[in-house]
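Enquirer: Sending over a structure as structure tokens; questions will come in a sec.
The values are calculated or read from the model by the stated rules, or taken from the named source; none is laboratory data. Just so it is clear, the model here is predicted, and its values are computed rather than measured. Please note: Cβ atoms are built from the backbone with ideal geometry, for glycine as well, and neighbour counts cover all protein chains shown. With ligands, DNA and RNA removed, areas are computed over all heavy atoms of the protein, side chains included. Shrake-Rupley method; radii C 1.70, N 1.55, O 1.52, S 1.80 Å.
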Amino acid sequence: MTLIELANKEIDLYTNVINIYEGKISSNNQKLTLEEIQVEYKKVHNEYSKLSDKNIEALKRGIFIQWYALTEPHYLTGINELDEKTERKIITDLKTLIDRNQTDEELMWMLNYYMSWDFVFDRFKDIVELKKKVRVKNGERPKIKTDKRGQMGIYWKSITAE
């Protein structure tokens, strides 16, 4: 799948989650159950991992999903348990990008933000080393593009709204 297809899939899944949460869809006519949405989100995350070693945007979205799965309730995001092997691949791709100094300002700022939740990445080997490399000065947030970036875009739009 392309990044645009994945972003559109995320928006569809998220819309379903919100409709279920707000009771706008009856159990007789809902498109997907929350459990089915979570399975679909695991597939989306897997698709990002397939691209994460070649595409920094896919890496950003994959890391976001991993962080979001542990920091927000699954009944509001549609993201629940992810495949550990897929998560490790994304972390490995992230480490490679950082080691090669091929990151961008946005990714480093996002990582610094995510890593303030200590428990999220602690289960991954070498995360202490990554945390040292990720440190950026607070307040130096770059302009974060939010359109066509799936649930990551929705989140950053809500956080960065002036």
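Enquirer: To the nearest 0.05, how large is the calculated FRET efficiency for residue 104 and residue 36 if R₀ is 30 Å and r is the Cβ-Cβ distance?
Expert: FRET efficiency, residue 104 to residue 36: 0.30.
Enquirer: Quick check: the angle from helix 105-114's long axis to the longest principal axis of the chain, C-alpha only, nearest 10 degrees?
Expert: Long axis of 105-114 versus the principal axis of the chain: about 70 degrees.
Enquirer: Here's a follow-up. Using Cα pairs under 8 angstrom and six or more residues apart, how large is the relative contact order of the chain, in percent?
Expert: 25
Enquirer: What FRET efficiency comes out for the pair residue 53/residue 122, r = Cβ-Cβ distance, R0 = 30 Å, nearest 0.05?
Expert: 0.85
Enquirer: Identify the GluC sites (Glu not before Pro) of segment 1-97 meeting these criteria: DSSP loop state and at most 13 other C-beta atoms within 10 Å of the C-beta.
Expert: Answer by residue number: 22, 81.
Enquirer: Pick from 117, 109, 67: which residue has the top mean-square fluctuation in a GNM of the chain where Cα pairs under 10 Å get a spring?
Expert: Fluctuation is largest for 117.
Enquirer: On a full-extension model of 0.36 nm per residue, what is the gain between residue 19 and residue 46, subtracting their alpha-carbon distance, rounded to one decimal in nm?
Expert: Gain in length upon complete extension: 7.3 nm.
Enquirer: Rounded to the nearest 0.05, what FRET efficiency do residue 76 and residue 148 have when you use their Cβ-Cβ distance and R0 = 25 Å?
Expert: The computed FRET efficiency comes out at 0.70.
Enquirer: May I pose another question? Translational D (Stokes-Einstein, µm²/s) of the chain at 4 °C and 1.567 mPa s when Rh comes from the Kirkwood sum over C-alpha pairs?
Expert: Translational diffusion coefficient: 80 µm²/s.
Enquirer: In degrees from 0 to 90, rounded to the nearest 10, what is the angle of the helix 84-99 Cα long axis to the longest principal axis of the chain?
Expert: Around 30 degrees separate the two axes.
Enquirer: Calculate how steeply helix 34-51 sits against the longest principal axis of the alpha-carbon atoms of the chain, using the helix alpha-carbon long axis, and give the answer as 0 to 90 degrees to the nearest 10.
Expert: Around 30 degrees separate the two axes.
Enquirer: Would you mind checking 31/60; 54/133; 9/54; 9/143; 95/145 for any pair whose Cα atoms are more than 26 angstrom apart?
Expert: 31/60
Enquirer: If you roll a 1.4 Å probe over segment 1-103 with all protein chains in place, what percent of the accessible area is carbon or sulfur?
Expert: Using a 1.4 Å probe with all protein chains present, segment 1-103 comes out at 47 percent carbon and sulfur.
Enquirer: According to a simple spin-label model (label point 7 Å from Cα along Cα-to-Cβ), what is the distance in nm between residue 83 and residue 5?
Expert: Spacing of the two 7 Å Cα→Cβ label points: 1.6 nm.
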